[in-house]
Amino acid sequence: MVIQSYINNLIKNKNGIKALFFIRVLLGSRYLEHLNTPGLDVNNFTIIKDTLNYLLERRDYRDEEYLFSAMDVTERNVLPEFDFSWFFNDENACAFIWGVLFNSGDNSGFYRRYAFDIDRAASGFYLSKYNDDVPRNWFELLRIEPVQLSHIDRFKAITYFFNCAVFQRNTKKMLMDEIKAQWNEESQNVKEMTWLSDGGRDAAIWTWEYLKKYNDKERAERSYGGINTLELFNPSGEGELPLVIYAVLRSWHFRHHSERKMLLLDMKKAWRQRAYRKGRNNIKILNCELDIDVKNHLDELAQAYNKSIVDMVTELIEKEYHGRK
């Protein structure tokens with residue numbers, strides 16, 4: 001009765017994501033492989049409904065234990081749609097999530113235990129697509145590409161992972177809560193950099209190249225070094241560059257606690273030195289001796305016109321020069 005009520009509610013509520021998840025968990029059982037109907041897709045609820053009705057008609061006592069297990073797994077894994085709205089409406093948060101999530105597919109990721117939470121029975125639908133015993137993480141099983149080129153692409157890839165990955169030891173709510181807490185922390189640890197904002201596209205391009213050079217240098221010196229989230233982003237669209245710079249820095253799983261802080265300080269210093277050198281390209285230093293009274297007069301003029309000594313001398317020379325023409 002409980003199983004029938006659960007399936008009827010899936011049909012009644014027309015929740016394609018939850019219904020399809022439930023069916024795919026069931027497909028891990030060899031007794032229920034007949035449910036794998038052609039065209040079974042989240043966007044085709046008619047086929048999903050027909051499959052669930054077919055299940056109600058054909059199930060027998062051998063399926064009961066697996067059906068109860070599939071119900072439990074489904075409830076622990078499928079999040080309501082509104083749980084994704086906070087990062088759909090925040091491109092910076094979405095890019096950060098992409099960095100920390102996909103980076104969890106290797107041994108250095110924050111969320112490795114989730115990426116490799118793969119139960120052979122519950123995840124049989126996805127594992128059956130491979131005819132080998134090679135260990136894979138969820139991003140590989142779901143064939144999610146490591147580089148997504150826009151906010152919408154990243155959002156779709158993240159929600160696809162959340163809607164399809166089958167966790168047995170953990171829950172999706174646990175993962176979402178941890179990610180949200182880390183985003184709140186890291187967005188404060190790496191705040192918006194004034195020099196990057198004020199420098200426009202020139203500063204953004206320079207910063208991206210600086211990060212790539214740092215990454216290449218660290219990886220050449222240490223096999224485990226570098227910025228492990230840099231390769232997850234390929235900024236191409238208008239306005240993408242500053243967005244991914246912050247995402248890379250915030251989602252980076254650095255080797256020691258001071259590495260990122262030192263990089264940010266060095267990068268800021270290097271940009272200021274560059275700006276200083278660039279600003280002095282057309283400047284010549286003038287050394288001269290002035291009578292004390294003349295120097296005092298110059299100081300008084302500068303004070304009266306609210307100018308620096310350099311600006312005052314420049315104005316006097318230019319005014320005299322152009323006045324003689």
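The values are calculated or read from the model by the stated rules, or taken from the named source; none is laboratory data. These figures come from a predicted structure and were not determined experimentally. Cβ placement follows ideal geometry from the backbone for every residue including glycine, while neighbour counts extend to all protein chains displayed.
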What's the number of the condition L264 fails, among (1) surrounded by 12 or more Cβ atoms within 10 Å (Cβ to Cβ); (2) outside any helix (DSSP H, G or I); (3) of a type in the set (A, V, I, L, M)? (2)
Return the residues of the range 172-191 that are more than 15 Å from the chain's Cα centre (by Cα) and either on the phi > 0 side of the Ramachandran plot or surrounded by fewer than 17 Cβ atoms within 10 Å (Cβ to Cβ) (or both); say none if nothing qualifies. K173, M174, D177, Q188, N189, K191
Go through the range 117-169 and report how many residues are hydrophobic (A, V, I, L, M, F, W, C), farther than 23 Å from R30 by Cα and not in a helix (DSSP H, G or I). 3
The lone exception for W195 - which of (1) free of Cβ contacts under 8 Å to residues at least 40 places away in the same chain; (2) closer than 26 Å to Q273 by Cβ; (3) part of a helix (DSSP H, G or I) it fails: (1)
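Which one of N215, N228 is over 16 Å from R154 (Cα atoms), out of contact with any Phe, Trp or Tyr (no Cβ under 9 Å at 6 or more places or on another chain), buried (at least 18 other Cβ atoms within 10 Å of the Cβ) and not assigned by TED's automatic domain parsing to the domain that holds R112?
Testing whether each residue is over 16 Å from R154 (Cα atoms), out of contact with any Phe, Trp or Tyr (no Cβ under 9 Å at 6 or more places or on another chain), buried (at least 18 other Cβ atoms within 10 Å of the Cβ) and not assigned by TED's automatic domain parsing to the domain that holds R112 leaves just N215.
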Quick one: what pairs do we get from the range 124-136, first residue farther than 16 Å from V166 by Cα, second of a type in the set (K, R), C-beta under 8 Å, 6+ apart or different chains? Y130/R136
Please find, among R255, R250, the residue that is in contact with an Asp or Glu (Cβ under 7 Å, 6 or more places away or on another chain), closer than 30 Å to A181 by Cβ and surrounded by 10 or more Cβ atoms within 10 Å (Cβ to Cβ). R250
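Pick from the range 110-160 the residues that are acidic (D, E) and closer than 30 Å to N92 by Cα: which of them is surrounded by the most Cβ atoms within 10 Å (Cβ to Cβ)? Steps first, answer last, please.
Here is the first cut: in the range 110-160, the residues acidic (D, E) are 117, 119, 132-133, 140, 145, 153.
So of that shortlist, the ones also closer than 30 Å to N92 by Cα come out as 117, 140, 145, 153.
Numbers: D117: 20, E140: 15, E145: 10, D153: 13.
Across the range 110-160, the extreme among qualifying residues is D117.
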Which listed residue is in a loop (DSSP other than H, G, I, E, B), more than 29 Å from E178 (Cβ to Cβ) and at pLDDT 85 or above, from N287, N234, N306: N306
Would it be correct to say that Q273 is part of a helix (DSSP H, G or I) and not assigned by TED's automatic domain parsing to the domain that holds D90? yes
